[in-house]
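Engineer: Have a look at this one before I ask anything.
Here, each number is a calculation from the coordinates, and none is a lab measurement. What you see is a predicted model, and the numbers here were worked out from it, not measured in a lab. So basically every Cβ, Gly included, is an ideal-geometry build from the backbone, and we count neighbours across all protein chains shown.
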2 protein chains.
Amino acid sequence: MALPKSVVISEEGPREGFQIEKQLIPTDKKVALIDALSGTGLKYIQTVSFVSPNRVPNMVDADEVVSRIALRPGVEYSAIWFNEMGLQRAVALRDRLTVVGKLRGYASDAFLEKNLNRKPGEHRAHTLNEISRYKELGIPITEASVTAAFGCNFSGDVPVARLLSEIAAIKALVEEYDLPIESVSLADTMAWATPAGIRTAIGAIQDRFPEFGISLHLHDTRGMAIANAYAALEMGIRHFDAAVGGLGGCPFAAHKGAAGNICTEDLVFMCHEMGIETGIDLDALIECGQFAEDVVGHPLPGAVKQGGSLTRLRQMLAK
Amino acid sequence: MALPKSVVISEEGPREGFQIEKQLIPTDKKVALIDALSGTGLKYIQTVSFVSPNRVPNMVDADEVVSRIALRPGVEYSAIWFNEMGLQRAVALRDRLTVVGKLRGYASDAFLEKNLNRKPGEHRAHTLNEISRYKELGIPITEASVTAAFGCNFSGDVPVARLLSEIAAIKALVEEYDLPIESVSLADTMAWATPAGIRTAIGAIQDRFPEFGISLHLHDTRGMAIANAYAALEMGIRHFDAAVGGLGGCPFAAHKGAAGNICTEDLVFMCHEMGIETGIDLDALIECGQFAEDVVGHPLPGAVKQGGSLTRLRQMLAK
């Protein structure tokens, strides 16, 4: 398949990055990073997670962070939550945040238990409750995801059949409750995916569920994220989550080597150099990646913020 | 094209890594790293560069390093050189090293000048001298490479036509001097390549020069190396240079953003997980990557040595 002409990147660096850091990051810096990101051309920025600061200390100021962002027209700011209390915090900030519901599938029962402390039946009941709660609040349910879509540190490889059955379950809910969900996000939460696996899984989903678009949430713990993104581009995938500088890492993956999300500026670099539009100013984004290192107080893995963009080099050579 | 069933990886970490480090690495540690690498199943290890220690201080003990390696049967050890003095040092160690000649093309005149201080005509004359010198010494000329094959920090993008003309020049020498050269190595010396560019270039070379195999030497300065390797695998490429731990990065960027050669263990991980054989023991190689960090005294960028192999995880889960 030809590579897509353009892609849409959802920036998840703030949420991914803040949640993993042990030392408390000043609220000012969190807000400054989000405001810098909104100036790069990014249209979707995930800002915070409304979770208990007992579990995720750096989310203690999540509400304040959202309240203080300099909202930029045309940019959608989002947040995540996992329970009623989190939902209420999001709803209270509904004038600033795009608050939508999400169906969450788990391709690993073991990780569902580790992450949310729920058995599959309990998660199913929770999901049904969520759907009615969202309907009650007039919140559209527009998103769906499958966590641990390619493999799990606690249960091993995820067969494509299991991935398909999670998406079939999402489809059944979409039909039963008439939900406006048009795509499913596949999360390689614990970095088990390879380019070949990405191709196989995406091909199977495109065959069986042509009604759903696919987006990818790729972690880089084993260095495969950018190759996985390329394999997905070859399959026509146009939606990616990413994290500036490569911020992040999953706090619940029980894995000290767990790396962050695919680095936004590296992904943007690859797209631009291959003629794929992103609507993002790469050099401005590189500055955000460098600023993100200052915000978290340690180096981040992204390469292009060290190596530099070729745009700038070409401009210098043309002079 | 289907992915290849097996690939051959030439380990260049010792040479790449030692040459870039400012602080002197003890000879013992250099020898120990090479000996550890030869125990992983790697069949080709580039050990040192016979250059002046005035230019590359850590190569001051290059001859001693080669003399002290515990030669392992079935492993070919190599070295590089750029002038008669270097050649003589290699020849003196011919019982320990595989000494072969290499034709070196440069796809950037500007880089040829920066790197070797030669104009194209001077380089051509130097190459002809080298050929007669190798014939004189009974050294087979079996290798060819194109440096800056995809782009150059001093001259910009390399058009495919220029790459093809460099290979045409190599082919003309091969025919004129009846040289046993079967493949050409494309070096992305300054990390300008993208997966799409790799596909275009390799496709053009395969069309025009089906008599030559292609190998790749990929630097990771802009984070594209593993995606570039995947794109090459899709084109049927079976030969890659790589550097354990990702050795070869900037000595001042002592963190995960440092950029050297494509990381051997990350490449091996990708191959194995996609069913491509390498003949290498990944977990032994990961230990070498960790040891390489100790040898150079700072973190190296490779991901799998932090994230861990899935082989080991699967074995634990199976218990």
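Engineer: Given the C-alpha atoms of chain B, compute the convex hull and give its volume per residue in Å³.
Structural biologist: Here the figure is 132 Å³ per residue.
Engineer: Report the relative contact order of region B:8-318, percent, no decimals, based on alpha-carbon pairs under 8 angstrom and at least 6 residues apart. Display every interim value, and only then the final one.
Structural biologist: On the way: 589 pairs, mean separation 57.6, N = 311.
Relative contact order, region B:8-318: 19 percent.
Engineer: Separate question: Using a simple charge model, +1 on the beta-carbon of Lys and Arg, -1 on the beta-carbon of Asp and Glu, nothing else, what dipole does chain B show about its Cα centre, in debye to the nearest 20? Before the final figure, lay out the partial values.
Structural biologist: Details: 31 positive and 39 negative charges, 49 e Å.
With only Lys, Arg, Asp and Glu charged at Cβ, the dipole is about 240 debye.
Engineer: Let me ask something else about it. Nothing charged except the Cβ atoms of Lys and Arg (+1) and of Asp and Glu (-1): what's the magnitude of the dipole of region A:148-210 about its Cα centre? Round to the nearest 20 debye.
Structural biologist: Numbers: 4 positive and 8 negative charges, 52 e Å.
The dipole of region A:148-210 has a size of about 260 debye.
Engineer: Right, next: Specify which residue in the list B:G302, B:T27, B:V100 is farthest towards the positive end of the charge dipole of chain B, using unit charges on the beta carbon of Lys, Arg (+1) and Asp, Glu (-1), about the Cα centre.
Structural biologist: Checking the options against the dipole of chain B, the answer is B:G302.
Engineer: Moving on to the next point. With springs only between Cα atoms under 10 Å, which of B:L33, B:L163, B:L116 fluctuates most in a Gaussian network model of chain B?
Structural biologist: B:L116
Engineer: How large is the charge dipole for the protein assembly as shown, taken about the Cα centre, if only the Cβ atoms of Lys, Arg (+1) and Asp, Glu (-1) carry charge, to the nearest 20 debye? Each step should come with its number before you reach the end.
Structural biologist: Values: 62 positive and 78 negative charges, 62 e Å.
Roughly 300 debye for the protein assembly as shown.
Engineer: Something else: What share of the DSSP beta bridges in the protein assembly as shown is antiparallel, in percent to the nearest 5? Each step should come with its number before you reach the end.
Structural biologist: Working: 6 of 66 bridges.
If we restrict to bridges inside the protein assembly as shown, about 10 percent are antiparallel.
Engineer: List, shortest first and in nm to one decimal, how far the label point of A:G236 (7 Å from Cα along Cα→Cβ) is from its counterparts in the other copies.
Structural biologist: Shortest to longest, the spacings are 2.7 nm.
Engineer: Now for a different question. Counting only DSSP beta bridges with both residues in chain A, what percent are antiparallel, rounded to the nearest 5? Provide the component values of the computation, followed by the final result.
Structural biologist: Values: 3 of 33 bridges.
Around 10 percent of the beta bridges assigned by DSSP in chain A are antiparallel ones.
Engineer: Same structure, new question: If each DSSP helix of 4+ residues adds -39,500 (n - 2.57) and the sum is divided by the residues in chain B, what number results at 222 nm, nearest 500 deg cm²/dmol?
Structural biologist: Working: 13 runs with 142 residues, N = 319.
Taken over chain B, the calculation gives -13500 deg cm²/dmol.
Engineer: Are any of the pairs A:K43/A:K319; A:K43/A:K135; A:K29/A:K102; A:K102/A:K171; A:K29/A:K114; A:K305/B:K29 more than 23 Å apart by Cα-Cα distance, and if so, which? Before the final figure, lay out the partial values.
Structural biologist: Values: A:K43/A:K319 33 Å; A:K43/A:K135 26 Å; A:K29/A:K102 29 Å; A:K102/A:K171 13 Å; A:K29/A:K114 31 Å; A:K305/B:K29 32 Å.
In this structure, A:K43/A:K319; A:K43/A:K135; A:K29/A:K102; A:K29/A:K114; A:K305/B:K29 exceed 23 Å between Cα atoms.
Engineer: Another question, then. Could you give, in nm with one decimal, how far A:K119 is from each other copy of that position, shortest first, with labels 7 Å out from Cα toward Cβ?
Structural biologist: Ordered by increasing distance: 8.3 nm.
Engineer: What nm distances, shortest first, do you get from the label point of B:S6 to those in the other copies when the point sits 7 angstrom along Cα to Cβ?
Structural biologist: 4.8
Engineer: Where the centroid of each part is defined by its Cα atoms, how far is region A:156-196 from region B:1-55 in Å?
Structural biologist: Here the answer is 42 Å between Cα centres.
Engineer: Between region A:274-318 and region B:108-151, what's the alpha-carbon centroid distance in Å?
Structural biologist: 34
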